[in-house]
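What follows is a single structure, written as structure tokens, with notes after it.
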Amino acid sequence: MNYKNQISNISEILRENDISPSLQRIQIYKYLLENHTHPNVDTIYKALVDSIPTLSKTTVYNTLKLFQSKGLVSVLTIDENEARFDINTHVHGHFKCINCGKIFDFEVQDIIINPKIKQENKIIDEQLYIKGFCKECLSEE
Ligand SMILES: [Zn+2]
Ligand SMILES: [Zn+2]
């Protein structure tokens, strides 16, 4: 599904996942689609409150939790202080720059773990986090 289709189909996507597509939910989902920056609750709230004056941080938080419970977003805990939200729920790694704070995606084949873990347990979330200095920060030195 291409990006334009995704935008116009947000209410459908939500309905398919048993979520009633309120304006606020649609806007939050749209924001995540358009901003692959792994935003936190605060960032999403600040970006949307001008166009949705009735929005509260609690609504943003609850909506994200709802999306998460339906597998529509994944939650990153790479940041010690705050949850970050990611609409890309395919397995991929995250690099966090400890200088500028930017978090970006990178492709991974499969996170290599002991196969026994997968046979004996049910895995619902796999995360690969790497921290360091990004190339932009390195080139400024
Ligand atoms: Zn950086
Ligand atoms: Zn990501």
Taking interchain pairs and intrachain pairs at least six residues apart, which have beta carbon atoms under 9 angstrom, with the first residue in segment 112-141 and of a type in the set (A, V, I, L, M, F, W, C) and the second in a helix (DSSP H, G or I) and away from ligand 1 (no atom under 16 Å from the Cβ)? 123/117
Here is a check on your reading of the model: is residue 64 at pLDDT 95 or above and within 15 Å of ligand 2 (Cβ to nearest atom)? yes
Taking segment 126-141 as the search range and keeping residues that are surrounded by 11 or more Cβ atoms within 10 Å (Cβ to Cβ) and part of a loop (DSSP other than H, G, I, E, B), which one is nearest to ligand 2 (Cβ to nearest atom)? 127
Checked 103, 78, 113, 98 against criteria (farther than 25 Å from residue 133 by Cβ and either touching a strand residue (DSSP E or B) at 6+ places or on another chain (Cβ under 8 Å) or hydrophobic (A, V, I, L, M, F, W, C) (or both)); the one match is 113
Top-ranked residue of segment 72-101 - restricted to ones that are of a type outside the set (A, V, I, L, M, F, W, C) and in contact (Cβ under 8 Å) with a residue 40 or more places away in the chain, ranked as farthest from ligand 1 (Cβ to nearest atom): 74
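Mind listing whichever residues of segment 73-93 are away from ligand 2 (no atom under 14 Å from the Cβ) and within 15 Å of residue 39 (Cβ to Cβ)?
Let us first name the residues in segment 73-93 that are away from ligand 2 (no atom under 14 Å from the Cβ), namely 80-82.
81, 82, listed by residue number.
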Over segment 94-110, the set of residues surrounded by fewer than 15 Cβ atoms within 10 Å (Cβ to Cβ) and either assigned to a strand (DSSP E or B) or within 9 Å of ligand 2 (Cβ to nearest atom) (or both) is 104, 105, 106
Check whether at least one residue in segment 64-87 is of a type in the set (D, E, K, R), surrounded by fewer than 16 Cβ atoms within 10 Å (Cβ to Cβ) and within 24 Å of residue 23 (Cβ to Cβ), and report yes or no. yes
Taking segment 14-33, which residues are of a type in the set (A, V, I, L, M, F, W, C), in contact with a helix residue (DSSP H, G or I) (Cβ under 7 Å, 6 or more places away or on another chain) and part of a helix (DSSP H, G or I)? 14, 26, 28, 33
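The values are calculated or read from the model by the stated rules, or taken from the named source; none is laboratory data. Predicted, not measured: the structure shown is a model, and the values here were computed from it. As a convention, Cβ positions derive from the backbone with ideal geometry for all residues, glycine included, and neighbour counts pool all protein chains shown.
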